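The values are calculated or read from the model by the stated rules, or taken from the named source; none is laboratory data. Just so you know, these numbers come straight off a predicted model, no measurement behind them. All Cβ positions, even for glycine, are placed from backbone atoms using ideal geometry, and neighbour counts span all protein chains on display. Each accessible area value is taken on the protein alone, full model and side chains, heavy atoms only, with ligands, DNA and RNA left out. Shrake-Rupley method; radii C 1.70, N 1.55, O 1.52, S 1.80 Å.
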Amino acid sequence: MSAAAAAPRPIPTVPSEVSFDGVTVELGGRHVVKDVTLSIPGGGWLSVIGPNGAGKTTLIRTLSGAVRYLGDVRIGGIKTSSIHHRERARCLAIVPQHPLVPIGISTFDYALLGRTPHQGLRFSPSRHDREVTAEVLHRLDLDEFTHRRVETLSGGERQRVVLARALTQETPVLVLDEPTSFLDVGHQIEVLELIASLRVERNLTVVTTLHDLSVAGQFADQVAVLAEGKKVADGIPADVLIPALIARHWGIEADTAVDDHGGVTVTVRRRRKTKPLKKIEEPI
Amino acid sequence: MSDSGETDSRMTASVAPSLGVSRLGGRWLVGGTLAVATALVVGVSTGPVSIPPGRVALELLDRLPLISVESGLSEGQQAIVWNLRAPRVILGLLVGSMLAGSGAAYQGVFRNPLADPYLLGIAAGAGLGATLAIVSGLGDGLGIIDPVPVAAFVGALLAVLAAGTLSVRRGSAMPPSTLILAGVAVASFFTALQTFVQQRHAETLRQVFAWILGRLSTAGWDEVLLLLPYAVVCSGGMLLAVGALDVLAVGDDEASSLGLRPRTVRRLVLIVASLGAAAAVAVSGLIGFVGLIVPHAVRLVAGISHRRVIPLSLLFGGAFLALADVAARTVQSPAEMPIGVITAFIGAPFFLAILRRQTAQ
């Protein structure tokens, strides 16, 4: 009975385009996202950037239906509001900024949770589910941690485990909310390189929010800037990440440099001439 | 990392199915069943008239389908076994199962280790219901059915319903903590009412207290039959939800992104667990500690997956309470100790021992 219910279904592996069409989100009487229209071709990497409170996280939460919104969100041309909850979970996997990892769960069991949308209503994992999970853990070099409790792992390892859960979902679209916020520079790049190579291997469409402009400029092939809920710029990194725009929306002076591959590095300069914000920071 | 290709990604596939995903596992199931059987035999053979446990075991086996053995018990002993002790022990098993199982479920849906079946006001509601029935003189056994459990059951469900209704606001998703707080408020309110009623009828104070402290005294099989349907439905419902509870452990947002409907799951599990706990409380009074300690003890030794926690809480919860009842009726024999005293007295040190062992590892 459960074997039939949990049988693997064909999964759309074709790159899926993701698009937002006039998306508006109201939270607590305030418009957090205002009429955002944006699309990423299948297999692309979009980074949504913007200052704190710009609505980045809220915008990508519309993808999973975690917030109510006006307008349309489409994956592979299909409106996500028109498909079943579980169906959507087979289209898109999310790595949240603050994943809630149950204390005491093993790496394997945690990664296996990604198979949930492929299982029957009793959520009993099939042999195939376990195979997929083992494969993903192997691909992410997590073999040695299979039986370890997730909370005993380091920050970088844990981030890979959460990524593993998203990958076992076997979705064409991968969404990551600030995937590097608690990692040191080395692990940041390691995780992002991993995502970059997985994207190519699996033909994934990647949507991330990122704080670090250089990281966004080098890994994404499309950057969209949100400010106060509105989309203010959208395009390839070299066109979007320019000193004038950074100055306007982040209020800082920055230099940008474009490398041979079209990646952009942003160097931020300290505001020496502006007034210090707090008294404590006042220079002698 | 960037140069690793797809060449070796299938290497581990062949060993995958043997990997340790948390399942119930035969070992645990056998352990739980043995605990229940032990509790049954010890419970039935212990009492003012001692009956040899071996014979009790045979007598009980004889009642199982397809098994026929001669226990060698006299007719008098058989009467004691089947009319006096077995109903009480089985009631203990059922009540313990319901309290521990719904405790585990409550802890699961609220992701809160301090949750227990009384969290949403079941205890206070049942207390008020029972007190009202007792002070109004309905509970003197004149009617066909004893109104105290009925009133307690209704009171318990009303309290949960009140907490549930008060915590929902139209069109907005309230966090689970709102429900807990509503439960606390409802419980305080019902307790206040109960205390008021109780103080106004000082002559029934003893009876009310006896009920509140919890007991498993029975008159034949009535209480067992009263509780059995709820026990079956609730255990079944909770066992069906074990997979969903494991997914829910990652939080509402993430569970939702995995295709689950967290609020629906939470609501269904709470309804089932509350029904079971309310039915248990209705026949046994307020027995504390079981719903909190048994699931935690299970979790400490068998891991956090609800695939183990729920079934094992049902089994060990039953065994624990049945054995606690043996202590309750023998320690001060012929007088009875309130069973809640025993559950706390045995449970707390036992729990601490497991906790220490676990943290030492």
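Within region A:155-176, identify whether any single residue is of a type in the set (A, V, I, L, M, F, W, C) and away from chain B (no Cβ under 14 Å), and answer yes or no. Within region A:155-176 (the criterion being of a type in the set (A, V, I, L, M, F, W, C) and away from chain B (no Cβ under 14 Å)), the answer is no, since none of the residues qualifies.
Among residues of region B:103-125 that are basic (Lys, Arg), those with a beta-carbon under 9 Å from a residue that is open to solvent by 10 Å² or more (accessible area, probe 1.4 Å) at least six positions away or on a different chain give the pairs B:Arg111/A:Leu100; B:Arg111/A:Pro102; B:Arg111/B:Pro176; B:Arg111/B:Ala249. Across region A:98-133, the number of residues qualifying as under 23 Å from the mean Cα position of the chain (by Cα) and either among the hydrophobic types (A, V, I, L, M, F, W, C) or modelled with pLDDT of 90 or more (or both) comes to 18. Against the list (1) open to solvent by 20 Å² or more (accessible area, probe 1.4 Å); (2) touching a helix residue (DSSP H, G or I) at 6+ places or on another chain (Cβ under 7 Å); (3) modelled with pLDDT under 90, the condition B:Ser172 fails is (2).
Filtering region B:62-89 to residues that are charged (D, E, K, R), open to solvent by 60 Å² or more (accessible area, probe 1.4 Å) and either closer than 19 Å to B:Thr38 by Cα or outside any loop (DSSP other than H, G, I, E, B) (or both) leaves B:Arg63, B:Glu75. Across region A:126-137, the number of residues qualifying as within 7 Å of another protein chain (Cβ to nearest Cβ) and surrounded by fewer than 24 Cβ atoms within 10 Å (Cβ to Cβ) comes to 4. For region A:248-271, a tally of residues being under 26 Å from A:Pro41 (Cβ atoms), modelled with pLDDT of 90 or more and open to solvent by 70 Å² or more (accessible area, probe 1.4 Å) returns 1.
Evaluating B:Gly20 against the criteria (1) under 29 Å from A:Thr116 (Cβ atoms); (2) at pLDDT 85 or above leaves one unmet condition, (2).
Among the residues of region A:88-105, which ones are open to solvent by 20 Å² or more (accessible area, probe 1.4 Å), at the interface with chain B (Cβ under 8 Å from one of its Cβ atoms) and free of Cβ contacts under 8 Å to residues at least 60 places away in the same chain? Don't jump to the end; show me each part of the working.
Within region A:88-105, the first condition is being open to solvent by 20 Å² or more (accessible area, probe 1.4 Å), and the residues that meet it are A:88, A:90-91, A:94, A:96-101, A:103-104.
Filter again for at the interface with chain B (Cβ under 8 Å from one of its Cβ atoms), leaving A:88, A:90, A:94, A:96, A:99-101, A:103-104.
Listed by number, the residues that qualify are A:Arg88, A:Leu100, A:Ile103, A:Gly104.
Considering region B:179-199, and only residues there that are under 24 Å from the mean Cα position of the chain (by Cα) and hydroxyl-bearing (Ser, Thr, Tyr), the residue that is farthest from B:Gly129 (Cα to Cα) turns out to be B:Ser188. Residues that are open to solvent by 70 Å² or more (accessible area, probe 1.4 Å) and under 23 Å from B:Gly340 (Cα atoms) number at least 3 in the following helices (runs of 4 or more DSSP H) confined to region B:212-264: B:222-240.
Going by the structure shown, is B:Asp246 without any contact (Cβ under 8 Å) to a residue 40 or more places away in the chain and within 14 Å of chain A (Cβ to nearest Cβ)? Reasoning before the result, please.
Details: without any contact (Cβ under 8 Å) to a residue 40 or more places away in the chain: no; within 14 Å of chain A (Cβ to nearest Cβ): yes.
The answer is no for B:Asp246.
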